[in-house]
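Each value in this text was obtained by applying a stated rule to the coordinates, not by laboratory testing. The structure presented is a predicted model; accordingly, all values stated were derived computationally and were not measured. Here Cβ is always computed from backbone atoms with ideal geometry, including for glycine, and neighbour counts include all displayed protein chains.
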Amino acid sequence: MVSKVLVPKIQKILEGKELSVREIMEELKKQNNEKKGSSKRVSSFTSNQLAQIMRFKHFEKAGWSKKTNSNLWRNKNENTNKKQLKESD
C-alpha cells in the first residue's frame, strides 16, 4: 500500500537525477515536513523498505558512488526516452 504512494513521489524526485537511497529518503522527509496534513503511515519507512521499492521495475541502478559508498538509482528508461527525443529532432 505504501509503495503505491511512494513510487510516484520517488519518480518525481529522480527526474533527471541519480541519487542514493539516503538522498532520496532525505528528499521525501523534506517534502513530508512541508505538508501539514501528511500521513505518518505513508511517511514512516526505513532505508531497507525504500531499497526494496527501488528494486521495482520503475527504477534501475545507475552506478556506484565512492563518496557515499552506496548505489545510485535513476528512473528506468530515462536515457532511452532522451535518446528517442534527440533522434526524432
Exercise for review: Tabulate in residue order the Karplus-calculated ³J(HN,Hα) for the stretch 17-23, using 6.51 cos²θ - 1.76 cosθ + 1.60 with θ = phi - 60°, rounded to whole Hz; enter x for Gly and Pro.
Suggested key: 10, 10, 10, 7, 4, 4, 5
Revision key, fill the gap. The set of residues whose placed amide H lies less than 5 Å from the amide H of PHE59, leaving out same-chain residues fewer than 5 positions away, is LYS76
Practice item. Return the distance in nm (one decimal) between the two label points of a simple spin-label model at LYS29 and GLN11, each offset 7 Å from Cα along Cα→Cβ. Key: 2.6 nm
Check your understanding: Amide H to amide H under 5 Å from SER20: which residues, 5+ apart in sequence or cross-chain, H placed 1.01 Å off N in plane?
Key -> TRP73
Point to revise | FRET efficiency estimate (nearest 0.05) - Cβ-Cβ, GLN49 to ASN69, R0 30 angstrom | key: 0.90
